[in-house]
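What follows is calculated from the coordinates using simple rules that are stated; it is not laboratory data. Here the structure is a predicted model, which means the values were calculated and not measured. All Cβ positions, even for glycine, are placed from backbone atoms using ideal geometry, and neighbour counts span all protein chains on display.
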Amino acid sequence: MARKIIIDCDPGIDDSLAIMLALSMPDQIEVLGITIAAGNSPVEMGYENALKVLEFMDRLDIPVFMGAGCPLHREFVNALDTHGSDGLGESFLPPPDPSKYIRQDKSALEFLTETLRREPASVIALGPMTNLAMLAQEDPEAFRNIEELVSMGGSFRSHGNCSPVAEYNYWCDPDAAAIVYRESDRLRRLIHMVGLDVTRRIVLTPDLLAYMKRLDSRIGAFVEKITGFYFDFHWEWEHLIGCVINDPLAVAYFADKELCSGFNSYVQIETRGISLGQSVVDSMNFYRHSPNAVVLTDVDTPAFFRLFFSRLLKIDIKSLDLIPDLVRS
Ligand code: RIB
Ligand code: CA
């Protein structure tokens with residue numbers, strides 16, 4: 001039975017790959033809708049980019065909802081330097097024909113509230129958690145109906161990507177992240193924190209992209225088109241040959257918890273000062289506080305790419321014999 005989810009995201013190159021993966025697992029994941037947060041891209045751009053990805057996947061039936069245009073309190077800082085001026089790797093894809101989809105006039109908050117009041121569903125959060133924090137504040141009962149919350153964000157022992165200690169999603173809107181972790185604590189729920197400790201191990205390399213293109217030229221060409229800018233960014237800023245595709249790991253882990261391992265811990269998000277946005281993981285239980293998160297620290301990288309390729313390209317996982325040789329160890 002497929003599990004019902006809402007994807008809250010900020011497309012964004014890796015968000016787009018995550019949406020593609022989620023839509024490629026209909027036996028396990030039913031996407032009820034996509035809500036857009038301001039993050040990598042301004043929210044209007046993120047909305048348009050989600051539609052472009054849905055058109056490529058021939059799934060413009062999936063409703064997309066525009067969320068908050070800025071963080072709860074902080075000044076909005078986008079990540080277009082990483083994702084390109086169009087937020088999609090400067091692929092400059094044409095917008096879908098408006099006649100092909102229904103433009104939703106509901107907000108992300110309205111959709112989240114209505115859906116979660118109607119039925120339990122899980123949320124995979126791939127961007128700043130502004131929409132989710134607003135839901136927690138305005139309708140705690142609807143927030144309580146989130147069956148499982150998987151958040152790409154934060155880091156435990158890995159260095160930050162926006163400051164020495166902060167990861168972008170939690171740094172962009174630290175107040176929102178703090179509210180979501182506090183609410184999860186109040187509800188005695190565990191957020192699955194898919195942080196940089198594991199996502200930095202998910203590197204799409206040129207060899208993996210070449211393999212993807214050999215296996216499916218259409219999908220491979222699309223992935224190449226939206227990741228070219230991202231490859232350049234990673235070379236310039238991290239001297240890395242390849243690009244870290246954070247968000248698809250959150251989707252893959254939602255579907256197969258065996259991909260990652262970690263530990264339960266109490267986590268608080270810093271909302272001010274030099275370590276603003278840091279996910280403070282109380283791994284030694286100094287605060288004697290019950291856990292509110294599953295902090296992931298290890299990932300089976302080849303297993304992720306076997307799942308990613310087999311689902312996205314619709315090929316037998318057993319045929320992907322080259323994956324172990326192509327993944328970055
Ligand atoms: O720090 C990486 C995260 O921030 C990813 O979700 C990326 O898409 C950006 O939102
Ligand atoms: Ca994202």
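Quick notes
- Using the alpha carbons alone, the radius of gyration of the chain stands to its Kirkwood radius in an Rg to Rh ratio of 0.94.
- Student exercise, the stretch 254-329 dipole from Lys, Arg, Asp, Glu Cβ charges, in Debye to nearest 20: 200 debye
- Across the stretch 184-317, the relative contact order, built from alpha-carbon pairs under 8 Å that are at least six residues apart, equals 33 percent.
- Near residue 65, the amide H atoms lying under 5 Å from its own belong to 34, 35, 36; only residues 5 or more places off or on other chains count, and H is placed 1.01 Å from N.
- Anisotropy class of the stretch 248-291 from Cα gyration tensor, a/c 1.5 cut: oblate
- For the stretch 150-263, a simple Cβ point-charge model (Lys and Arg +1, Asp and Glu -1, everything else neutral) yields a dipole of about 320 debye relative to the Cα centre.
- Summing +1 for each Lys or Arg and -1 for each Asp or Glu among the other residues whose beta-carbon sits under 14 angstrom from that of residue 301 gives -3.
- Environment charge at residue 189 (Cβ cut-off 9 Å; Lys +1, Arg +1, Asp -1, Glu -1): 0
- Computed from Cα atoms alone, the Kirkwood hydrodynamic radius reported for the stretch 135-217 is 14.9 Å.
- The stretch 160-204 and the stretch 60-128 have Cα centres lying 19 Å from one another.
- Cut-off under 5 Å, modelled amide H: who pairs with residue 3 long-range: 29, 30
- The fewest-to-most ranking of 70, 9 by surrounding Cβ atoms within 10 Å reads 70, 9.
- Remark on residue 166: its backbone amide H falls under 5 Å from those of 160, 161, a criterion applied only to residues 5 or more positions apart or on other chains, H modelled at 1.01 Å from N.
- By the Kirkwood approach, averaging reciprocal distances over each pair of separate Cα atoms, the stretch 285-329 gets a hydrodynamic radius of 13.0 Å.
- Dipole of the stretch 39-146, positive end: most advanced residue of 43, 80, 127 [Cβ charges, Cα centre]: 127
- Computed helical MRE - 222 nm, the chain, DSSP H runs ≥ 4 contributing -39500 (n - 2.57), nearest 500: -12000 deg cm²/dmol
- Cleavage-rule hits (GluC sites (Glu not before Pro)) in the stretch 1-104: DSSP loop, at most 12 neighbouring Cβ within 10 angstrom: 75
- Over all other residues within a Cβ to Cβ distance under 11 Å of residue 226, the charged ones net out to -3, with Lys and Arg as +1 and Asp and Glu as -1.
- Under the span-like rule (Cα at least 27 Å along the axis, Kyte-Doolittle mean at least -1.0), DSSP H helices of the chain: 217-238
- Rounded to whole Hz, the Karplus (6.51, -1.76, 1.60) HN-Hα couplings of the stretch 90-99, x for glycine and proline: 6, 6, 6, 5, x, x, x, 4, x, 6
- What the pair-distance distribution of the stretch 92-155 shows, using all Cα-Cα distances binned every 5 Å from zero, is 4, 15, 22, 19, 14, 12, 9, 3, 0 percent.
- Solution diffusion estimate, µm²/s, Stokes-Einstein, the stretch 1-138, Kirkwood Rh from C-alpha pairs, 4 °C, viscosity 1.567 mPa s: 87 µm²/s
- Sequence-ordered 3J(HN,Hα) estimates for the stretch 29-37 from the Karplus curve with 6.51, -1.76 and 1.60 and θ = phi - 60° stand at 10, 10, 7, 6, x, 10, 10, 10, 10 Hz, glycine and proline given as x.
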